[in-house]
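Please read the structure below before turning to the comments.
Every number in this text was worked out from the coordinates using simple rules, so none of it is lab data. Nothing here was measured: the structure is a model prediction, and the numbers come from that model. With ideal geometry, Cβ positions are generated from the backbone for all residues, glycine too; neighbour counts draw on all protein chains shown.
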Amino acid sequence: MHDLSFFRNNLDAIAARLVDRGFVLDVEEFRQADARRRAALTESEQLKAQRNAESMEISKLRKQGVDTSEHQQKVRQIGERITALDESVKEIDEAFKQRLAGIPNLAHESVPVGKNEADNVEVRRWGQPREFDFPVQPHWDLGPALGILDFERAAKVTGARFAVYFGLGARLERALINFMLDVHTREHGYTEVLPPFLVNSASLFGTGQLPKFAEDLFKIENTDYWLAPTAEVPVTNLLRDETVDGDKLPIKLCAYTPCFRSEAGSYGRDVRGIIRQHQFQKVELVKFTRPADSFAELDALTDDAEDILRRLGLPFRTVVLCTGDMGFSSAKTFDIEVWLPGQNGYKEISSCSCFEAFQARRAGIKWKTGKKAEPLHTLNGSGLAVGRTWVAIVENYQQRDGSVVVPEALRPYLNAERITPQAKLV
RNA sequence: GGAGAGAUGGCCGAGUGGUUGAAGGCGCACGCUUGGAAAGCGUGUAUAGGGGUAACUCUAUCGAGGGUUCGAAUCCCUCUCUCUCCGCCA
């Protein structure tokens, strides 16, 4: 959500920058809508001022014992006009706010201008993809063969785009979660949070998923509860409508949660394996910072996420998303992409974004030093997507015999050096 | 799930239809006082949206949304949340 007066005063420049994001703002129409809203508000408020004054008058007259029934009749009529007028005022105001809430954030000036994924810019690369002297298998073959992954039973229990993990497969997922949380809390200074996995619509509005992206979410019938699509939502909203003392910043939180996405519109993409699921597990990093620090904090947060991959010995590259490929609320986003031999390419495993005040303004999260309170900056990033890390380990560390060597850093968590075929369930 | 009690400013807390955006206290800020501090005294101390170069002014907000009324923090309805007791449950 943009600051209205700033937006209004810089309309043309903002519209020009929104074009880079692929968002066309009809400036003239916006001006008219804005003017219409203001005119409606002014008219309604003037009537209300009149009514208030008249009511006060009635109060005085009554104390003097004067009959006021005529007066009351007159004010009642004003009231009726207000009621009628307010209906359209409300409509105009809500339409205007919806429109404003539907305008994406501006990209930071350091973000490359581009149309789509192809225009993203690689900023660094770490590790050498391993050379295999045998045919590599994708995880959707390796997993079921090892007896650690089962798609058929998941489809029976729930449906497509779900998976079941067995034995060392399940333990690998759990080990990764613990490993990531330990690194971030013990070495990167984050405080662990275990938030609710269901969130309400006010929270989803705060972080920008609503009102525009409802179709990407699962909603619980007959309630205002939604399955969280990312821990960003519950964790960022922990501070909704709160004001934080400046000396508390930055606040660094990390959380493990499952994430639920409807994946509407992604039919045919990543249909095989567990790359794109309706439910996946993620460890998320969230920061609340002073505005002056946010982009330095974004670099640090991205490095914290990359650190997990370095410790696991998984090759990756980091790209900065171009203006056309960024998410709705973000001002700047780095994607970390891990090397997946099964796909012979790099695949997104973390997305680290600075939202500047865009979310904080929506969610009413402020900070203050001394007297004035203003929106702070919010950031978040995956640290990491657990399922895709699982895939990266299985594929990168696969052996000729179909087993998987467990990376050194994970062995204390998994209590195993190698993943070998598990006993059949039945 | 059943019964009851609550929700007021940064905090505590008064307020059951008429200058109440809201007493009083605490906290905070500034000033006076002081050798300095404390105490004391004085002044100020919400947010959002309109209008205005500005001084300033208008509107809304006492959990949320409706309603009654000339007028609602106060009355009525619905909902949400918190607390207590009972039931149930991991």
**Request:** Please state, to two decimals, what the Cα-based radius of gyration of segment A:314-365 comes to when divided by 2.2 N^0.38 Å (N = residues).
**Result:** 1.40
**Mean projected area in nm² (Cα convex hull; one quarter of hull surface) for segment A:269-366** = 7.6
**Prompt:** What length, rounded to one decimal in nm, is gained on full extension from residue A:23 through to residue A:4, with 0.36 nm per residue of separation minus their alpha-carbon distance?
**Reply:** 5.1 nm
**Fill in**
Between residue A:372 and residue A:218, the FRET efficiency computed from the C-beta separation at R0 = 60 Å comes out, to the nearest 0.05, as 0.90
**Relative compactness, segment A:1-61, computed as alpha-carbon Rg over 2.2 N^0.38 Å** = 1.79
**Asked** Nearest 0.05, what FRET efficiency do residue A:426 and residue A:88 give at R0 = 51 Å with Cβ-Cβ as r?
**Response** 0.15
**Asked** Taking Cα atoms of segment A:333-426, Rg/Rh with Kirkwood Rh, to two decimals?
**Response** 1.24
**Karplus (6.51, -1.76, 1.60) ³J(HN,Hα), θ = phi - 60°, over segment A:87-95, in Hz, Gly and Pro reported as x** = 4, 6, 4, 4, 4, 5, 5, 5, 4
**Asked** Which loop-located trypsin sites (Lys or Arg not before Pro) does segment A:217-302 contain, where loop means any DSSP state but H, G, I, E or B and the Cβ has at most 13 other Cβ atoms within 10 Å?
**Response** A:269, A:272
**Asked** If only Cα atoms are counted, what is the Rg of segment A:354-401, and what is its Dmax, in Å?
**Response** 20.0, 66
**Message:** Rg over Rh of segment A:164-306, using C-alpha atoms and the Kirkwood radius, what does it come to?
**Reply:** 0.99
**Item:** Cross-link table A:156/A:347; A:248/A:372; A:287/A:368; A:156/A:219; A:282/A:347, entries beyond 24 Å C-alpha to C-alpha
**Value:** A:156/A:347
**Prompt:** Can you put A:318, A:191 in order, fewest other beta carbons within 10 Å first?
**Reply:** A:191, A:318
**Request:** Let me have the relative contact order for chain A, percent, based on Cα pairs under 8 Å that are six or more residues apart.
**Result:** 20
**Asked** Relative contact order of segment A:260-343: what whole-number percent is it, with Cα pairs under 8 angstrom and at least 6 residues apart?
**Response** 20
**Prompt:** Remind me, what semi-axes does segment A:37-189 give for its equivalent ellipsoid, largest first in whole Å, using sqrt of 5 times each Cα gyration tensor eigenvalue?
**Reply:** 69, 24, 18
**Prompt:** With the radius of gyration and the Kirkwood radius both derived from the Cα set of segment A:184-252, what is their ratio Rg to Rh?
**Reply:** 1.04
**Request:** Using only the alpha carbons of segment A:234-304, determine the length spanned along each of the three principal axes and report them from longest to shortest in whole angstroms.
**Result:** 48, 27, 21
**Message:** Using the Cα atoms of segment A:160-205, I'd like the radius of gyration and the largest Cα-Cα distance, Dmax, both in angstrom.
**Reply:** 14.9, 39
**Calculated P(r) tail over 16 Å for segment A:17-119, as whole % of Cα pairs** = 70
**Item:** Extent along principal axes [Cα atoms of segment A:75-139; Å; largest to smallest]
**Value:** 89, 33, 18
**Fill in**
Net charge near residue A:379 (other residues with Cβ under 12 Å of its Cβ; Lys, Arg +1; Asp, Glu -1) is -3
**Request:** Evaluate 2.2 N^0.38 Å with N set to the residue count of chain A, then give the Cα radius of gyration divided by it.
**Result:** 1.23
